[in-house]
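A quick write-up on the structure given underneath.
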Amino acid sequence: MKSKILILAAVVLLVVSCGTQKTASVATTEPVPVYETTKAVALTPELAEGKNLYENSCARCHKLYEANKFTQEEWKPILSRMQKKAKLDDTQMVSISNYINSQL
């Protein structure tokens, strides 16, 4: 009985090890981050700071939205609400707002 179990285990192991393996294909192109827009604007140091704050403060909790997803008027309450959650001061929010508005 013991030899039958050992033979059966060896056969199962052989069958499993000879099975075909499928490899996952890997995409060769890198995805473009959501927050990058097609509008090319030269970033001043202030706008670069706003971009940095937007990317680092906002992306901690959720995905980044393209600036043109909302109008300037729609961004105002969103940024106001998020300022409290992200614990950003008024100067930082002005910088983020200026960056977003420059991308519209």
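All of the numbers you see were taken from the coordinates with simple rules; none came from a lab. Every value quoted in this text rests on a predicted model; they were computed, and no experiment measured them. Here the Cβ positions follow ideal geometry from the backbone for every residue, glycine too, while neighbour counts run over all protein chains shown.
With no solvent and one equal point scatterer placed on each C-alpha of segment 39-104, evaluate the Debye formula and give log10 I(q)/I(0) for q = 0.16, 0.20 Å⁻¹, two decimals.
-0.46, -0.75
Show me 92-102, 74-84 ranked by packing, highest mean number of other Cβ atoms within 10 Å first.
The most tightly packed comes first, giving 92-102, 74-84.
Whose amide H sits under 5 Å from the amide H of F70, counting only residues 5 or more places off or on another chain, with H placed in the peptide plane?
Amide H neighbours of F70: none.
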